[in-house]
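The block underneath contains the structure these notes are about, expressed in structure tokens.
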Amino acid sequence: MAPQVDVLINKQILIERALVCVTTRITKAIAERGQGTIALSGGSTPKPLYEALARQALPWEKIHVFWGDERYVPGDHPDSNQRMARLAWLDQVDIPEANIHPMPTAAADPEQDAQAYENELATFFQVEAGHFPAFDLVLLGLGDDGHTASLFPHTPALTVGDRLITVGNKDGQPRLTFTIPLINQARSVVFLVAGASKQQALGEIFALEADPQQYPARYIQPQGELLWLLDQAAGENLRPS
Ligand code: 6PG
């Protein structure tokens, strides 16, 4: 499916558009399959979206929240993506704790936690080893360097094709991350990107000759919908080919 690119006039309008996007896709999933599954992105951009979701009246008991990547820190650490989403959103709504599926970061070996989360996904989605479940919605951000989730340029995580979860690496710091094939199995992938610092990476990603090893977000070509939600500052010079 060809990517759709929406450039919104400012970050407030971007977040309003993202809120409608998330709620409509999760509500549709619940109507079709009885539940909605969403994988969250981390970083700073999605925080106002999570704060807006906290003000929605949704059937939280039918929504399951996962993370697409996580810094390898305790769940209450200031850098934790889990902590940010809980404080901004999940602690404010009546969602069962059993519906919240944080990435484990307590083992001494990140590979062990990556395997544990992979096992949790396989059990939840009832898929066999080597099969990739389809999330209803995967939210992604974009780093200034073109990374997404914790899939960083020229790292081994970019070539992992037979796992759901792998260990990413940012400046020597381990991270857990969805793999490219898992992301690409999603029914809907939505990038939420704001700020002028993303312009250069976006320009490269939408250029035909971009090297995905250098701009890993280029590898994201899902089976289902691919929607880029950009604010003007990030997307004003974009000419999607
Ligand atoms: C993370 C994210 C990462 C993030 C980008 C953009 O754990 O940091 O998942 O992929 O989305 O780095 O981060 P900002 O939204 O802070 O610019």
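No value in this document is a laboratory result; all are computed from the given coordinates. Fair warning: this is a prediction, and the values are worked out from it, not measured in the lab. Every residue, glycine as well, gets a Cβ built from its backbone with ideal geometry; the counts of neighbours run over all protein chains shown.
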Pair ASN237, GLN35: separation of 7 Å Cα→Cβ label points (nm):
4.5
Where in the chain are the DSSP H helices whose C-alpha atoms run 18 Å or more along the long axis and whose mean Kyte hydropathy is at least -1.0?
11-33, 110-125
Segment GLU128-ASP145, length gained on full extension (0.36 nm per residue, minus Cα span):
2.7 nm
Can you tell me how much longer the chain between GLN221 and VAL20 gets when fully stretched, taken as 0.36 nm per residue apart minus their C-alpha distance, in nm with one decimal?
70.1 nm
A chain fully extended from GLN173 to ARG55 at 0.36 nm per residue, minus the present Cα-Cα distance, gains in nm 39.0 nm
Computed over region 94-140, Kirkwood Rh from alpha-carbon pairs, angstrom:
12.2
Taking only Cα atoms and a 10 Å spring cutoff, compute GNM fluctuations for the chain and point out the largest among LEU58, LEU192, LEU226.
LEU58
Loop only per DSSP, at most 14 neighbouring Cβ atoms within 10 Å: give me the GluC sites (Glu not before Pro) in region 67-175, ordered by residue number.
GLU128
Given axes a ≥ b ≥ c from the Cα gyration tensor, I'd like to know whether the chain is rounded (a/c under 1.5), prolate (a/b larger than b/c) or oblate.
rounded
Which residue, ALA134, ALA107, ALA194, has the most motion in a Gaussian network model of the chain that connects Cα atoms within less than 10 Å?
ALA107
Filter the GluC sites (Glu not before Pro) in region 187-241 to those in DSSP coil with at most 15 other Cβ atoms within 10 Å of their Cβ, and list the result.
GLU209, GLU236
